[in-house]
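Visitor: Sharing a structure below in structure tokens format, with a few things to ask.
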Amino acid sequence: MGFSRFVEVGRVVLITYGPSAGKLATVIDIVDQNKCLVDGPEEITGVSRQVISYSRIQLTDLKVNIQRNARAKTLKAALKEADTMAKWEGSEWAKKLAAKSKRASLSDFDRFKVMLAKKQKSKIIAQKIKELKN
């Protein structure tokens, strides 16, 4: 089994470290063996054009058809044409990240309510299993 995600121009990446952590960007150019030039564009994802290390990004399955060193306007049109942001929002990866951030933002009382709901669900399941066994 070989690799299926490659660092290439047009590859959509998730930034994992730094001020833009958790945001999507698109590879615009390969700088060298360790860095690439990425752009959001800033109006869509909030990531400005910058050189970033490969250790600070994760490659997604999404790819946009653009030329090397594409302008922000061209990139924006390509992202809209490929419906990339909607595809990302529909992916399991994005859903997991959204659930994780929602859990992290819960207050103490919200976590308490979740605990009670889990207990109630567990109790109902145990009752149904007990009924089925008898």
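Visitor: Does any residue of the range 31-38 turn out to be among the polar types (S, T, N, Q) and within 19 Å of Trp93 (Cα to Cα)?
Guide: Checked against the condition, which is being among the polar types (S, T, N, Q) and within 19 Å of Trp93 (Cα to Cα), the range 31-38 yields no hits at all.
To keep it simple, each residue is scored yes or no on (1) at pLDDT 95 or above; (2) surrounded by 13 or more Cβ atoms within 10 Å (Cβ to Cβ).
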| position | (1), (2) |
| --- | --- |
| Gly2 | no, no |
| Val27 | yes, yes |
| Gly40 | no, yes |
| Ile44 | no, yes |
| Ile52 | yes, yes |
| Ser55 | yes, no |
| Lys96 | yes, no |
| Lys100 | no, no |
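Visitor: Do you know which residues across the range 106-134 are open to solvent by less than 90 Å² (accessible area, probe 1.4 Å) and not in a helix (DSSP H, G or I)?
Guide: Leu106, Ser107
Visitor: Okay, next question. Give the residues of the range 1-20 that are over 18 Å from Ser91 (Cβ atoms) and not acidic (Asp, Glu), sorted by residue number. Step through it out loud before you land on a result.
Guide: Step one: list which residues in the range 1-20 are over 18 Å from Ser91 (Cβ atoms), which gives 1-3, 6-9, 17-20.
Scanning the range 1-20 gives Met1, Gly2, Phe3, Phe6, Val7, Val9, Tyr17, Gly18, Pro19, Ser20.
Visitor: Examine the range 102-124 for a residue that is of a type outside the set (S, T, N, Q) and within 17 Å of Ile15 (Cα to Cα), and state whether such a residue exists.
Guide: No: the range 102-124 contains no residue that is of a type outside the set (S, T, N, Q) and within 17 Å of Ile15 (Cα to Cα).
Visitor: Of everything in the range 65-99, what is over 12 Å from Pro41 (Cα atoms) and in a loop (DSSP other than H, G, I, E, B)? Give them in sequence order.
Guide: If the condition is that a residue be over 12 Å from Pro41 (Cα atoms) and in a loop (DSSP other than H, G, I, E, B), then Asn65, Ile66, Gln67, Arg68, Asn69, Asp83, Ser91 are the ones that fit.
The values are calculated or read from the model by the stated rules, or taken from the named source; none is laboratory data. What you are looking at is a predicted structure, and each value in this text was computed from that prediction instead of being measured. Positions of Cβ are backbone-derived with ideal geometry, glycine not excepted, and every protein chain shown enters the neighbour counts. These area figures cover heavy atoms from the full protein model, side chains too; ligands, DNA and RNA do not enter into them. Shrake-Rupley method; radii C 1.70, N 1.55, O 1.52, S 1.80 Å.
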